[in-house]
1. Would you mind computing, in nm to one decimal, how far apart the modelled labels at Asn71 and Ala135 are, each placed 7 Å from Cα along Cα→Cβ?
2. Find how many whole Å separate the alpha carbon centroid of segment 39-90 from the alpha carbon centroid of segment 16-38.
3. Would you list Phe73, Phe184 from fewest to most Cβ contacts within 10 Å?
4. Please order Lys163, Lys153 by the number of other Cβ within 10 Å, starting at the fewest.
5. What is the magnitude of the charge dipole of segment 32-188 about its Cα centre, with +1 placed on the Cβ of each Lys and Arg, -1 on the Cβ of each Asp and Glu, and no other charges, expressed in debye to the nearest 20?
6. For segment 29-188, what relative contact order do you get, as a whole percent, if you take Cα pairs closer than 8 Å and at least 6 residues apart?
7. So for the chain, considering every pair of alpha-carbon atoms, how many percent are separated by more than 28 Å?
8. What number do you get for segment 75-158 when its Cα radius of gyration is normalised by 2.2 N^0.38 Å, N = residues?
Amino acid sequence: MKYYILFGPPGAGKGTQASAMVEKYNLRHLSTGELLRKEIAEGTELGKKAKSLIDAGALVPDEVVEGMIDNAFKTTEGVAGFLLDGFPRTIAQAEALDTMLAASGEAVTSVISIMIPDEMIKERIRHRASIEGRADDAREETINNRISTYHEKTEPLVDFYRKAGKYVEIDGTGTIEEVRQAIFNAMD
Ligand code: ADP
């Protein structure tokens, strides 16, 4: 099985590119953000706990997302692999992922990182807010917290995966088609 990680700051275009990637390579798209928003929409206990953290621009606890991912790995059939989007977001999550995969003799295939500068993050999120209406896209303070959470907790993963020889960086500032082509070239 292939285990790709789609990496990048909020608003980098991960969700947009993910749909083309899963189709071309027969992958299951696993977005922890989407899975969490589904829990919130369904009003589950997990969703209730996650909502206040997400609305504040903070991360939900590692164990929560690790459980969701492990569960999806165990219950998915008929795909060539997975596209992880929004996970791992901390070093602890990356280590948990390695442990989970090693238990079945698997490993992360590669990390496709879509990079855009901070100014563009805000522009993209503001644009998305007007289309998708996500609560965590609406408030300036939440967006700022998500950007600082990204730099503090998630960006250290760049080094983690570089050291593992699995890190591929893509310039995310081009058009959707340009970025898609660069990703396909890297994956091929
Ligand atoms: P974006 O990449 O646009 O910031 P996501 O849809 O990936 O948004 O995630 C939305 C929110 O869900 C995050 O800000 C965070 O609160 C929570 N979340 C998603 N994935 C994780 C994760 N792996 N660990 C902890 N929290 C997460």
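1. 1.9 nm
2. Taking the Cα centre of each part, segment 16-38 and segment 39-90 sit 13 Å apart.
3. Ascending number of Cβ neighbours within 10 Å: Phe184, Phe73.
4. On the way: Lys163 9, Lys153 16.
Ordered by Cβ neighbours within 10 Å, fewest first: Lys163, Lys153.
5. With only Lys, Arg, Asp and Glu charged at Cβ, the dipole is about 220 debye.
6. This gives 27 percent for segment 29-188.
7. Numbers: 3574 of 17578 pairs.
Taking all Cα-Cα pairs of the chain, the fraction more than 28 Å apart is 20 percent.
8. For segment 75-158, the normalised Cα radius of gyration comes out at 1.34.
No lab work stands behind these numbers, since they all come straight from the coordinates. All figures in this text were calculated on a predicted structure; none of them were measured in a lab. Heads up, the Cβs are rebuilt from the backbone with ideal geometry, glycines too, and the neighbour counts pull from every protein chain shown.
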